[in-house]
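These notes concern the structure reproduced below.
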Amino acid sequence: MTARALKVPGIAYGGDYNPEQWPEEVWAEDMRLMAEAGVTMVSVNIFSWALLEPSEGAYDFSRLDRILDMLHAHGIAADLATPTAAPPAWFFVEHPDALPVDKDGRRLSYGSRQTFCPSSPAYREAALRMVGELAGRYADHPAVVMWHVHNEYGCHNAECYCDVSAEAFRAWLQDRYASLDALNHAWGTTFWSQWYYDWDQILPPRATGAVPNPTHQLDWRRFSSDALLSLYEAERDVLREAAPATPATTNFMVMYNFDALDYWRWAPQLDIVSNDHYLQSADPESQIDIALSGDLVRSLAGGPWLLMEHSTGAVNWQPVNRAKTAGELRRNALGHVARGADGIAYFQWRAAKAGAEQWHSAMLPHAGTDSQIWRDVVQLGADLRALDEVRGSVGAAEVAIVWDWNARWAVELPSQPSGELHFQDLVRAWYEPLWRAGVAVDFVRPDADLSSYRLVLAPSLYLVDDEGAANLTAFAERGGTLAVGFHSGMVDANCHVRLGGYPGAFREALGVRTDELFPLLPGESVGLTGGGTGVLWSERVRLAGAEAVASYTDGPLSGVPAVTRNSHGSGSSWYLATQPDPATLAGLLDLIRRDAGVEPVRKAPEGVEVALRRGAEADYLFLINHTGRDAEVAVAPGAVELLTGKPAAGSVTVAAGEAAVVREPRRD
Ligand code: GLA
């Protein structure tokens, strides 16, 4: 985090504000209601390009002037967006080549948003011109506290397969490999007669008859993430030049199903990391998804971050869009704060009457202020004010989970031993029992500094480069506890199989050697000693120093070790060669955690989420009761519950569906 800090007091509160969609008479009511709700910051101008630049080079900033002046007059800070996520129709009429092309060669049309090719020079030029105008005009505007660069990079145009993108891909490859020879070896192009003799022969991995080359596909994902990152950096540089002290952010989407960007590469380029999070209607325990994404974003940020968007109720883009249940809005928002959010914002302030998102919830719903959502929004504003002092406090985890986008992309490539392995599901399966036990978790890259952790988990690390593998192995050698999930360590950074037996890079650290994989069919399971079962995976593990903790009890591998523990250096390393059923996995992770000497943040009844933020002067214990029963949790002497302001004598009672935030004296 840089000195470009957010100049908004306490926990910032607000949402996307799109006043241009409403007659100006409505704005006065917006200001009155924002004050009532305690809104302190709104994101403006996200989709205003067509209004700001009616034709190329002709600008009209008068409406935005009035919006920013009005916000300032009412003491509301502006997170001013560059409107580059939605170029106007005239731009595409003049530059049809800037429209993106999909894998099948179809050129998309304009008429929605983010329909541009990330490598288009015309788009880059038009976007940077607009950003330059905006930066020059508003760099010193007193309402502007942050730049909101673009919106959700890659949400709709993560990959473009056009000829211009092909050229940019080749330039990226030349930079990475320097010579065609190096590329051919890295991609293994002797296979299927794919050897390239000229850079111009290389294309994006467009639709083709059989399976494309895996390294080609992996480099394409890397390139596509970098192409968007370079657009972000270009905009940020223009903004930074005009307003060196104003922080820049762009809203990440660290959530289910979005995997286009390698956010480890992105995060260091942001002054403040922000994230959008939406519940999946089909997930019965979305509080765990909130916690996981919050822990991941905090880890990316290396400290506090901002929740830039979530919803007060239903969204409009799932097959069926579920409203939130009583108390869920508050539990969700506090769940993000518990994981390090120093700002809570929604999409959006006022529910739209028209347009593609007219059925999306907002802070001010269609029903107006006589509504449950509005009452909850006002209550949340008061809650966040009561948590002012929590701002800036950080997490304190002794457990790290390895998360790597390269490993994610690679394990989900076609033609794997099993097409049933989904990176985020695999990670969540291991995260869940830790969440239930109240164990604090950070996420790390494979090559991160691990010296502050006792336990490192790698639930799914199919691809690991040499540096990452050495780092994780050294962690166990030096006394740490390492646990690795099946199908990890299998390939190197170029997606080449690590020979000599599985799990390749971790064979020695884990003290096992597998000669053949036996993935399980959907619905199939295998028995485990101790009474549990395993799904998804089995393999013929042979012990090479490790001891068996559990073995398969049926199927072709009956009697073969399925879970192992090895003493490696002065530490220990565990291998899970199947996906145990949830209860068995919870039991194993409990054992592994104890082996590592890791304690939960606090003991709490089942279903009560526990998280801790540590401040300079005090600790903040978050207790969120996701059950229908009141729960009692022990707290330190001298504690105060901040949402009610009441002293807590020895324990707090968290009512069913409610939350408590307890300030405790800092324990070191
Ligand atoms: C995304 C976008 C918003 C809006 C919401 C709706 O997060 O950034 O503009 O479309 O989705 O959920």
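The values are calculated or read from the model by the stated rules, or taken from the named source; none is laboratory data. On a predicted model such as this, the values are computed, not experimentally measured, just so you know. Please note: Cβ atoms are built from the backbone with ideal geometry, for glycine as well, and neighbour counts cover all protein chains shown. Side chains are part of the model used for accessible areas, which takes the heavy atoms of the whole protein and leaves out ligands, DNA and RNA. Shrake-Rupley method; radii C 1.70, N 1.55, O 1.52, S 1.80 Å.
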Check your understanding: Looking at this structure, is ALA367 open to solvent by 50 Å² or more (accessible area, probe 1.4 Å), of a type in the set (Gly, Ala, Ser) and closer than 28 Å to ALA282 by Cβ?
Key -> yes
Check your understanding: In the range 333-352, what count of residues is obtained for those that are within 16 Å of the ligand (Cβ to nearest atom) and either without any contact (Cβ under 8 Å) to a residue 40 or more places away in the chain or open to solvent by less than 10 Å² (accessible area, probe 1.4 Å) (or both)?
Key -> 10
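Mind checking which residues of the range 57-84 are part of a loop (DSSP other than H, G, I, E, B) and either open to solvent by less than 30 Å² (accessible area, probe 1.4 Å) or among the aromatic types (Phe, Trp, Tyr) (or both)? I'd like the intermediate steps shown before the answer.
The first filter runs over the range 57-84 and keeps only residues part of a loop (DSSP other than H, G, I, E, B), leaving 57, 59-61, 74-76, 82-84.
If the condition is that a residue be part of a loop (DSSP other than H, G, I, E, B) and either open to solvent by less than 30 Å² (accessible area, probe 1.4 Å) or among the aromatic types (Phe, Trp, Tyr) (or both), then TYR59, PHE61, ILE76, THR82, PRO83, THR84 are the ones that fit.
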Practice item. Please go through the range 269-310 and pick out each residue that is open to solvent by 10 Å² or more (accessible area, probe 1.4 Å) and of a type in the set (S, T, N, Q). Key: GLN269, GLN280, SER281, GLN287, SER299
Revision key, fill the gap. GLY111 meets each of (1) open to solvent by 10 Å² or more (accessible area, probe 1.4 Å); (2) among the small types (Gly, Ala, Ser); (3) part of a helix (DSSP H, G or I) with one exception, condition (3)
Review point. Just for the range 244-268: of the residues that are small (Gly, Ala, Ser) and either surrounded by 21 or more Cβ atoms within 10 Å (Cβ to Cβ) or within 16 Å of the ligand (Cβ to nearest atom) (or both), which one is nearest to ARG124 (Cα to Cα)?
Key: ALA248
Practice item. Mind listing just one residue for me: the one in the range 18-44 that is without any contact (Cβ under 8 Å) to a residue 40 or more places away in the chain and closer than 21 Å to LEU307 by Cβ and, of those, nearest to the ligand (Cβ to nearest atom)? Key: VAL44
Exercise for review: Considering only the range 579-598, state which residues are in a loop (DSSP other than H, G, I, E, B) and under 26 Å from the mean Cα position of the chain (by Cα).
Suggested key: ASP581, VAL598
Exercise for review: Could you tell me whether any residue of the range 159-166 is within 16 Å of the ligand (Cβ to nearest atom), surrounded by fewer than 22 Cβ atoms within 10 Å (Cβ to Cβ) and part of a loop (DSSP other than H, G, I, E, B)?
Suggested key: no
Point to revise | Near pairs, Cβ below 8 angstrom, 6+ apart or cross-chain, from the range 312-323 (under 16 Å from PHE347 (Cα atoms)) to any residue that is near the ligand (Cβ under 10 Å from one of its atoms) and among the acidic types (Asp, Glu) | key: ASN316/GLU357
Practice item. Would you mention how many residues in the range 417-441 are closer than 20 Å to SER538 by Cβ and among the small types (Gly, Ala, Ser)? Key: 3
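Condition check ((1) touching a strand residue (DSSP E or B) at 6+ places or on another chain (Cβ under 8 Å); (2) open to solvent by 60 Å² or more (accessible area, probe 1.4 Å); (3) within 21 Å of SER418 (Cα to Cα)) across all residues:
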site: GLU547; (1), (2), (3): yes, yes, no
site: ALA550; (1), (2), (3): yes, no, no
site: ASP554; (1), (2), (3): yes, yes, yes
site: VAL563; (1), (2), (3): yes, no, yes
site: HIS568; (1), (2), (3): yes, no, no
site: GLY571; (1), (2), (3): yes, no, no
site: TRP574; (1), (2), (3): yes, no, no
site: ALA577; (1), (2), (3): yes, no, yes
site: PRO582; (1), (2), (3): no, yes, yes
